[in-house]
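Here's the structure, in structure tokens; my notes come after.
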Amino acid sequence: MRGGPSVLGIVLAGGEGKRLMPLTADRAKPAVVFGGTYRLVDFVLSNLVNGDILRNCVLTQYKSHSLDRHISTTWRMSGLLGNYVTPVPAQQRLGPRWYLGSADAILQSLNLVHDEQPDFIAVFGADHVYRMDPRQMLTQHVESGAGVTVAGIRVPRREASSFGIITPAADGTRVEQFLEKPTDPPGLPGDPRRVFASMGNYIFTTKVLVDALLRDADDEESVHDMGGSILPQLTERGTAMVYDFDDNHVPGETAQDHGYWRDVGTLDSYYEAHMDLVAEQPEFNLFNRRWPIYTHFGQLPPARFRSAGIASESIVGPGCVISGQVTGSVLSPGVVVEPGAVVQGSVLHDNVRVGRGAVVRGAILDKNVDVPPGATIGVNPERDAELYTVSKNGVIALGKGQQVA
């Protein structure tokens, strides 16, 4: 931010993403395709860059090749102005060990902080779908004098066990208690059926974060996690504040997609977020040109619809050839739907081919899956359960290049 405080962005992208298997069998979770042409990491990086945080390090670890390649080839900033987005793999700077947790990942990467010497550090997660202007959160952080500000979003109390939960003090801003994935947290004052969930986005005053990481490193009982260790530590010290995500407004937003945020960490949530995109009134607007989501998908021709090809309430990427019927689906670049084939309520990644007369319903097909002519997916639940991964809510998922019976 020219003329303002200096901010270093640190994006945590080292998680395994086990709950998204088989989509994460061959790649890191932030590298998973979303919305046809994007990677999950593109959403957080677009928010940071649109919000004038232009020096960003992406900490990677597990199966990071495709993620590192995507960042290196897509996120090229102006070196003339000293701006950058760079992947930083685990370097074992503190000994021959991998990251023990998200806090340890930053501890092992403090050389980045020492080199940049920022006033503040924005620590954001890499695998959520949303739009957010981080400048508004930073303004509150600076004005409050907090050591850390954590972004919170209201969610139903029954979902609390999936999130870090923030209990605000009477002033509505200071964090009174931070509970990591509690089973029975207190509801919000005046709204007992809802709680404040952490979005995994934090802004730290640099010295506060460095001191907290060093204290945490000396704690042998710590899990060395940002939500499970650092936030409770700073909450006890009275220096943690909450930022209400509902107060955040980005240019070009609509009343429909204001405050949209999805943790797509499971097959069901990943699938449901895609269905949000193709609803008659989309809950998340990919077409907001005033706050774009940036990506790169290569040089491909436009999508082509042949004489019998039909697509409705769907997103169809470049390079697709549609000769069958597609409804309520998201198709990544290079998908081919042959004559007589039917694709309904599905998510098809790059270069999937659906053969003549085949049927695909309620499924996620990773890249290079070839559905043979006449084959069916999502028609016989018992057979699908024997052959493929099926989520709790019945979404069928096939991994990269997986053979179809």
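The values are calculated or read from the model by the stated rules, or taken from the named source; none is laboratory data. Not measured: the values here are computed from a predicted model. In this analysis, Cβ positions are derived from the backbone assuming ideal geometry, glycine residues included, and neighbour counts consider all displayed protein chains. Keep in mind that these areas ignore ligands, DNA and RNA; they rest on the heavy atoms of the full protein, side chains included. Shrake-Rupley method; radii C 1.70, N 1.55, O 1.52, S 1.80 Å.
Structural remarks
- Residues that are open to solvent by less than 30 Å² (accessible area, probe 1.4 Å) and either outside any loop (DSSP other than H, G, I, E, B) or of a type in the set (D, E, K, R) (or both), drawn from the range 343-379: 343, 347, 348, 354, 359, 360, 363, 364, 365, 366, 371, 377
Residues checked against (1) out of contact with any Pro (no Cβ under 6 Å at 6 or more places or on another chain); (2) without any contact (Cβ under 8 Å) to a residue 24 or more places away in the chain; (3) under 15 Å from residue 22 (Cα atoms):
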| position | (1), (2), (3) |
| --- | --- |
| 368 | yes, no, yes |
| 374 | yes, yes, no |
| 378 | yes, no, no |
| 385 | yes, yes, yes |
| 395 | yes, no, yes |
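- Being in contact with a strand residue (DSSP E or B) (Cβ under 7 Å, 6 or more places away or on another chain), free of Cβ contacts under 8 Å to residues at least 24 places away in the same chain and more than 23 Å from residue 198 (Cβ to Cβ) holds for only one residue in 72, 64, and it is 72.
- Test result for residue 384, within 17 Å of residue 326 (Cα to Cα) and among the charged types (D, E, K, R): no
Yes/no per residue for (1) at pLDDT 95 or above; (2) open to solvent by 30 Å² or more (accessible area, probe 1.4 Å); (3) among the hydrophobic types (A, V, I, L, M, F, W, C):
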{"site": "37", "(1), (2), (3)": "yes, yes, no"}
{"site": "43", "(1), (2), (3)": "yes, no, yes"}
{"site": "50", "(1), (2), (3)": "yes, no, no"}
{"site": "53", "(1), (2), (3)": "yes, no, yes"}
{"site": "60", "(1), (2), (3)": "no, no, no"}
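- Test result for residue 131, open to solvent by 10 Å² or more (accessible area, probe 1.4 Å), of a type outside the set (A, V, I, L, M) and at pLDDT below 95: no
- Subset of the range 326-342 [free of Cβ contacts under 8 Å to residues at least 60 places away in the same chain and outside any loop (DSSP other than H, G, I, E, B)]: 326, 327, 336, 337, 342
- Scan of the range 83-128 for residues that are loosely packed, with under 15 Cβ neighbours inside 10 Å, among the hydrophobic types (A, V, I, L, M, F, W, C) and in contact (Cβ under 8 Å) with a residue 24 or more places away in the chain, ordered by number: 98
- Strands (runs of 3 or more DSSP E) contained in the range 212-325 and holding at least 1 residues under 30 Å from residue 148 (Cα atoms) and open to solvent by less than 50 Å² (accessible area, probe 1.4 Å): 240-244, 261-263
- Test: residue in the range 227-246 that is among the aromatic types (Phe, Trp, Tyr), under 26 Å from the mean Cα position of the chain (by Cα) and within 30 Å of residue 278 (Cβ to Cβ): yes
- For the range 82-103, the criterion of being touching a Phe, Trp or Tyr at 6+ places or on another chain (Cβ under 8 Å), at pLDDT 95 or above and not hydroxyl-bearing (Ser, Thr, Tyr) is met by at least one residue.
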